[in-house]
Each structure stands twice: as structure tokens, then as C-alpha cells.
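Visitor: Below is the structure I would like to discuss, written out as C-alpha cells.
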2 protein chains.
Amino acid sequence: MAKEHKAANAAEANETAADAGAPLASDRSAGAGLTDPADDAAAQHKDDGAARLSSSVGDYLKAIWLLAGDGVAGTGEIARELGVTAPSVTAMLSKMSGAELVAYEPYRGASLTPAGRREALRLVRRHLLLEMFMVTQLGFGWDEVHEEAELMEHVVSDVFAERLAKHLDDPEFDPHGYPIPRADGSVPVAPTMPLAELALGRRFRVHRLMTRDRAVLAYLESRTVEPGAELVLRSLEPGGNLLHLEFVGIGNGARGRKLALSRELASLVLGENLVE
Amino acid sequence: MAKEHKAANAAEANETAADAGAPLASDRSAGAGLTDPADDAAAQHKDDGAARLSSSVGDYLKAIWLLAGDGVAGTGEIARELGVTAPSVTAMLSKMSGAELVAYEPYRGASLTPAGRREALRLVRRHLLLEMFMVTQLGFGWDEVHEEAELMEHVVSDVFAERLAKHLDDPEFDPHGYPIPRADGSVPVAPTMPLAELALGRRFRVHRLMTRDRAVLAYLESRTVEPGAELVLRSLEPGGNLLHLEFVGIGNGARGRKLALSRELASLVLGENLVE
DNA sequence: CCTAACGTTTAGGCATGGCTAAGGAGCACA
DNA sequence: TGTGCTCCTTAGCCATGCCTAAACGTTAGG
């Protein structure tokens, strides 16, 4: 079902380092440089980094990020993602547009401004850190933590998030390989070649399971197809819809084990082609 | 700094077992048994044990508990505690009264019903557990965690709270000796004799610093007056307004150290008179 | 080029939870 | 037994964020 979203591609992180580096005052005045009174209200939000956005606003920002990344997300799309009706989205987008968090064009959709993007990444970061904490320290399963992190991400402070990050050893990727935005607003990058495109006999290291579908994640993990695992493509079923793989990973207790995987799932497994 | 404690005393848990034992269904129907139409709305809230109370409602319940425990809290008192105006409190109390969370008598005040008490304790438990986590695992200072826990306590689930409790080793008291309500709704008890009432030459073990004043807490802790510390009253200033004490504790590195304490502060230090 | 279908926006409401202003209860002291 | 004074409540209002119903833009097919 839920297909992963945006193809966070390699190039991404640099571009972001740029926005993030920009103290975001210059950006805005250039990009949306208005001289109207509304600027005042907006200014407050920036000076101190984020004058407490409501959690609803945060949800919208995050939804836009997940749906479109740096592109444009449509009203209906956002409504579906958040489980609200389209009119609610229209109203909220107008408001957020006024606060310079999104660029909104009626009937077209909304995209994140640098400030909105920054806030969205802050939330995603919190979300992933909280999930990791719950799983690694409290013993939750990966399928139990999403909703709770969803709530908590809106109330934890910057300081809490950073202390938690340190407590977790500053992870850059979650256990499925999903990149955890950094505190400075940049996003770690990782190899993105789909396992499905691996050539015969070549060796592949898994970096990311590109899906939000829990059944798929659970299936892959039960077979130790997870970040760090190394595989070799031994053969293909005629037609190419089934891959016969073999584990060759080192840390993996699975060395030598065989694995059959459909092309469909293999295309969700991202990683890199290793030189032997 | 943050010292563990969990001096879970032997006898404890009984008194509370009584209240908590009451499954709160019987209580309510007997106590407030109305037959009017409003019952419907209220009924929904009870059937499933607590149909997600808003965080505001929770704040009110907690405030009443902190201010009055099982007694009656006045409108103004609650308003001050929560930082809202009196009319807001009146309105909220009426609503909560309808939901059978408090017993509200206009112009008199409100007290918790069993259901309200249960919810208040749930929140207090979460609050204290979160504070302990932040301090002991994330390295926060005790004076930094209150507000954040205040926010988080409203969003963490039962399961999260219990897993966190286990992660923290099921503490029964926070580091200031404040009792942490148990998951079953009972409250640990500890000795409550004020240090100020100690007789000359007698030995005293600190169990609790009975104040929320941060300056006082910091002052006492900087002198290692904290749960577990053991002191002997050596002499009194004429008039009895100053106590000359000496540390005799075992776990305490402070053994033999002298301490002068005003009667005022000594009355905030609760504990027990030890037989020598 | 026009029109139907779809998605989006406007209009009008509702619930929550807060506020100020103004009137009423309760109590203490004369 | 009144008379203040304090505290509490009632009345009326506002902001947020959601909803439904209805009008409107956009776009693709005839």
C-alpha cells in the first residue's frame, strides 16, 4: 500500500546544506521579499528559530515533505495523508502561507519555504529519534512506535531531541535505512541503487528498505534483508521476475544462506554495488 | 548528582490499595447516580475506562490532586496553579463535573471522583517517570525537566509509561522522595516526620524534601540533604530556630559533616526517627 | 469549442478552551 | 443584622482547527 514517497536522491544533501546554512533570514527576504506588514508576524517566527508552531501546522509541513519533498503537494493529497478534508487543508495552507512556511498557489498546491522545510525536518528528526529510542531502549517493536512518536515529536524540545540523539549515539539512518535529518537541517545521503538492478554475480550491500509498508518491512527483516546485509545475485528466473540471491555479509550470521526475492520487492531494497 | 533512591519501604502500599482496589464503577454509580439525560455523554467516557481526555482536562485533574489531594480545591487556587483565569476554571469544572471526573459545588470548589483521581495519578506517574528519565538517562538537571515532562505526560501511552518505568527499574519515589503513583493507582507511602521535630541526640533518615521550590531543593541537595541521608540532631540554637545536625549516613560520603539548618527548612525535610 | 467530471475553494458551523467585563454569593466584622 | 470585600460565576467574545454543503476552476473528451 503506502508506497514510499519522494526519491530522496543523492544530490539532495548538498542543496540542503545550503538552505540550512543560510540563517534563513537572507533566503526569505530574497525569495518572498515582501515589504508588507505581515512581515512582522513572520519575523518573530524566525528570530528565535520557531516561535512554537502548533502541532497541526507541523503535521502539514511534515506531510508536504513526505509527499513532495522539495516539490509541490496538492490539496487533496495532503488531505488524504493527514486524514482531514480538503477544505481544512485549503484553510490551513492559506494560513501557513501567510506565515511564510509554505508557498501556496490556489488550485496548484503548496511547497515548503526554507523555513517550512526546516521545521518539517526538525519534526522528522524528532520522530525518527523517538522511534529509535522506543525500539532500542524500551523494547517496542517497529510496528508499534509510529503513532506514539507522531504525538511526541510535537512536544519535545530541541534540547531533548539533541540529548536523545546523543544518547542513541547520533544515528544518521534509522534501522530501515531511512535518513535521519541532522540538527543543522542537512540530510544524510546513502547509495540508492535498487537491488533489482544488480547484475548477475555482483555483490550488493543493503542500505535502505524503501517502503513504509509494515508487512513488507517485516517480511524482509525476517529474512535479514536489512541495512548492512551483503548479497550476491546468483541467478534470475527466466523473465527476470525472481532473483536468486545469496548472503555473503560479514556481520550477518546469515552468510551463505540463499534467498529468493521478487523483482517487485527487490526494487524497494536500495544499496550499492560493491567492487569485489 | 541525580541519585537513585527507590527506598521502597516495606510496609507501604496498603492504605492505597484500598482506594485503588475499588474498580471505580461501583463507586461512581453509587455516589453520583443520576438518571438524567446527561448520563449518555458521560457514559461513553466510562465504558472504555478513559476515552482520551484532552490534555487540558488532565491539567485540571492534576492541579486538583496537587492542591488538595483527596480534598476540595477552590476555583481561584486552580486558576493560579494553571495560569488561567477563574472563569475558565468555572467553565471547565462544570464540564468535568458532567463527565464525572470531579464533584463540583459552585462557590465551594471541586474534588476528584474516583475516575478523576485515577486519571490524575496516571498523569503524575507519567510526569515523574519522564522527569526521572530525562535526568538519569539524558543528563538534564532537575530544574530543567518540569515543563517538558508537563507536555509529554499528555501524549505518552500507558504502554510507553510502563516500559519506561521498567527501564528505570520501577522507581517508587523520585529523587526528592516524592512518591510516584503506581500503575494500579496506589501510591507508595513513606515516613513523614519532619526533621524539625527530631529530639536532641536522635538519629533521622531523610525520605523526602517536601517542597516544589527549586531554590530550596537546590540548597538542600547541595548540602547532600536528600533521601537516604542520615543525620543526628546535636543541638539547637536557643529559641529552637536553628538545628545543628551531623551526617551519620552510610551511603553518604558526607559522614561526620556538620550542618546548620533553620527550623523552617527542617520542617520541609521529612523522614523517620531511627532507633539506635 | 464546449461541457462534464473532478478537484479545489468559499461559506457557514461546531467544539474546545481561553479571555474580559460585569453581576452575584458568601463571609467577616461592626 | 446589615455592609463591604473578596471570590466566584454568568455573559459574551475570540482563535484554532475541524466539518459539510455548495459554488467554482481546470482540464480532458467529444
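The values are calculated or read from the model by the stated rules, or taken from the named source; none is laboratory data. All values derive from a computational prediction rather than experimental measurement. FYI the Cβ positions are ideal-geometry reconstructions off the backbone, even for glycines, and counts take in every protein chain you see.
Listed here are the residues, each with its yes/no results for (1) outside the structural domain of A:Leu112 (by TED's automatic domain parsing); (2) under 18 Å from the mean Cα position of the chain (by Cα); (3) over 15 Å from A:Gly58 (Cα atoms).
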position	(1), (2), (3)
A:Arg126	yes, yes, no
A:Phe133	yes, yes, yes
A:Gln137	yes, no, yes
A:Asp143	yes, yes, yes
A:Met152	yes, yes, no
A:Arg163	yes, no, yes
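Visitor: Within the range A:101-143, which residues are assigned to a loop (DSSP other than H, G, I, E, B), within 14 Å of another protein chain (Cβ to nearest Cβ) and without any contact (Cβ under 8 Å) to a residue 60 or more places away in the chain? Working first, answer last.
Guide: Let us first name the residues in the range A:101-143 that are assigned to a loop (DSSP other than H, G, I, E, B), namely A:101, A:106-108, A:113, A:137-143.
If we keep only those that are within 14 Å of another protein chain (Cβ to nearest Cβ) too, we end up with A:137-141, A:143.
Scanning the range A:101-143 gives A:Gln137, A:Leu138, A:Gly139, A:Phe140, A:Gly141.
Visitor: While we're looking at this one, here's another question. Kindly provide the set of residues from the range A:177-191 that are surrounded by fewer than 17 Cβ atoms within 10 Å (Cβ to Cβ) and either of a type outside the set (A, V, I, L, M, F, W, C) or within 14 Å of another protein chain (Cβ to nearest Cβ) (or both), ordered by number.
Guide: A:Asp184, A:Pro188, A:Pro191
Visitor: Test each condition in (1) more than 30 Å from A:Glu147 (Cα to Cα); (2) within 28 Å of the chain's Cα centre (by Cα) for A:Tyr219 and report the one that comes out false.
Guide: The number of the failed condition is (1).
Visitor: Please enumerate the residues belonging to the range B:155-173 that are part of a loop (DSSP other than H, G, I, E, B), touching a helix residue (DSSP H, G or I) at 6+ places or on another chain (Cβ under 7 Å) and either more than 8 Å from chain A (Cβ to nearest Cβ) or closer than 19 Å to B:Arg208 by Cα (or both).
Guide: B:Leu168, B:Pro171
Visitor: Now for a separate question. Failed condition for A:Ser97, given (1) in contact (Cβ under 8 Å) with a residue 12 or more places away in the chain; (2) away from DNA strand D (no atom under 16 Å from the Cβ); (3) buried (at least 16 other Cβ atoms within 10 Å of the Cβ); (4) outside any strand (DSSP E or B), with all others met?
Guide: (2) is the only condition that A:Ser97 fails.
Visitor: Going by the conditions given, is A:Gly69 at pLDDT below 95, within 23 Å of the chain's Cα centre (by Cα) and exposed (fewer than 14 other Cβ atoms within 10 Å of the Cβ)?
Guide: No: the conditions fail for A:Gly69.
Visitor: Can you tell me which residues in the range B:73-87 are within 8 Å of DNA strand D (Cβ to nearest atom) and either assigned to a helix (DSSP H, G or I) or at pLDDT below 95 (or both)?
Guide: Once the filter is applied, which keeps residues that are within 8 Å of DNA strand D (Cβ to nearest atom) and either assigned to a helix (DSSP H, G or I) or at pLDDT below 95 (or both), the range B:73-87 yields B:Thr75, B:Gly76, B:Glu77, B:Ala79, B:Ala86, B:Pro87.
Visitor: If you don't mind, another one. Restrict the check to the range B:97-108 and report whether at least one residue is within 11 Å of DNA strand C (Cβ to nearest atom), closer than 22 Å to B:Leu151 by Cα and within 24 Å of the chain's Cα centre (by Cα).
Guide: Checked against the condition, which is being within 11 Å of DNA strand C (Cβ to nearest atom), closer than 22 Å to B:Leu151 by Cα and within 24 Å of the chain's Cα centre (by Cα), the range B:97-108 yields no hits at all.
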